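Let me begin by presenting the structure, written as structure tokens, before commenting on it.
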Amino acid sequence: MARRRLYTMGEIAALVGLSRQTLHAWARRGLIVPVAVTEGGHRLFSGKVVRRIDEIRALSADLPLDRVRDVLRGGRGR
């Protein structure tokens, strides 16, 4: 079985053009969730988080982040 590639917060930030601080804030709010955490405490993400970040960006144009989280969890947006 092939191992999937995992990315650090810094690598994801570079891929999507956002700061690590923004991604850390989104992680604290539960908008993005790591698939693993290293022994040193570094969060690791799968490539799927890039799609999630695109969704967050699109929704946050019209909604506050708390509502974005609710929508992504299956709640109502407005």
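What follows is calculated from the coordinates using simple rules that are stated; it is not laboratory data. Note that the structure is predicted; figures quoted are calculated from it, not measured. Because the Cβ atoms are built from the backbone with ideal geometry, glycine has one as well, and the counts that use them run over all protein chains shown.
About the Cα centre, and with charges only on the beta carbon of Lys, Arg (+1) and Asp, Glu (-1), how big is the dipole of the chain? Nearest 20 debye, please.
Values: 16 positive and 7 negative charges, 39 e Å.
For this selection, approximately 180 debye.
Note the listed values [x] 14, 31, 34, 20, 1; [y] 17, 32, 21, 16, 10, 4, 0; [z] 18, 51, 25, 6, 0, then indicate which one is P(r) over Cα pairs in 10 Å bins from 0, in percent calculated from this particular structure.
The value computed from this structure is option [z].
Given a cut-off of 14 Å, what percent of all Cα-Cα pairs of segment 36-78 lie beyond it?
56
What angle, in degrees between 0 and 90 and rounded to the nearest 10, separates the Cα long axis of helix 48-60 from the longest principal axis of the Cα atoms of the chain?
For 48-60 against the chain, the angle is about 20 degrees.
Suppose each label sits 7 Å from its Cα in the direction of the beta carbon; what would the residue 20-residue 62 distance come out to in nanometres?
The answer from the label model is 3.5 nm.
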